[in-house]
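What follows is calculated from the coordinates using simple rules that are stated; it is not laboratory data. Just so it is clear, the model here is predicted, and its values are computed rather than measured. Ideal geometry is used to build each Cβ from the backbone, glycine not excepted, and the neighbour counts take in all protein chains shown.
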């Protein structure tokens, strides 16, 4: 029993939990990005996609609860590991040896915190629609919630778009190190494979960021436009 308690309190378990929850969150980002890209297929396609998600009912809330749990555990374990790392060296080094520590690895806790605050705003904006309650009144010709128009109107706001772009760049900065680190924590670490993993991590982070950023830029450049007849 004592050994089990020590294991549950160990940094090893915290790293495994952080890596596992990180994997779930990356998979969610890929799925969410694919969903967002429905915007390029027009109002009908996007609104049908959104309605399909809502039709999951209780299952959708189970998925949301699971993702929230993963996010909370990811944040808690990252803070715990950062605190343990600082407590292990209460007296700072006279000369900081940061040559091997990349900027992305040294700022993970801060980029993660900023992303967390953006996520809270993003949910209030597009999901709960507290910041823009008028979105709840947007209905398409089929009587569905007009998610397509909501997104276009949202990204026509310069402040919202700038906030979104900055947050996505921070997300990419975070993922660049996080994905490679996740593989290492899960035991996929070998001199032969590490360079490929790091390259693949950079590519995957880039794909996710570009996929999300393509939506506000699509609105900006007119590739994604308001439906005919909608006047704002």
Based on the mean of other beta carbon atoms within 10 Å per residue, what is the order of 27-35, 213-221, most packed first? 213-221, 27-35
Ordered by packing density, taken as the mean number of other Cβ atoms within 10 Å over each peptide's residues, highest first, how do 167-175, 114-122 rank? 167-175, 114-122
Potential extension, residue 123-residue 141 segment - 0.36 nm per residue separation minus Cα distance: 3.9 nm
Give me the extension gain from residue 203 to residue 68: residue separation times 0.36 nm, minus the current Cα-Cα distance, reported in nm with one decimal. 46.0 nm
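Which of the peptides 48-59, 198-209 is most tightly packed, and how do the rest follow, judged by the mean count of other Cβ atoms within 10 Å per residue?
Per-residue Cβ counts within 10 Å, averaged per peptide and sorted highest first, yield 198-209, 48-59.
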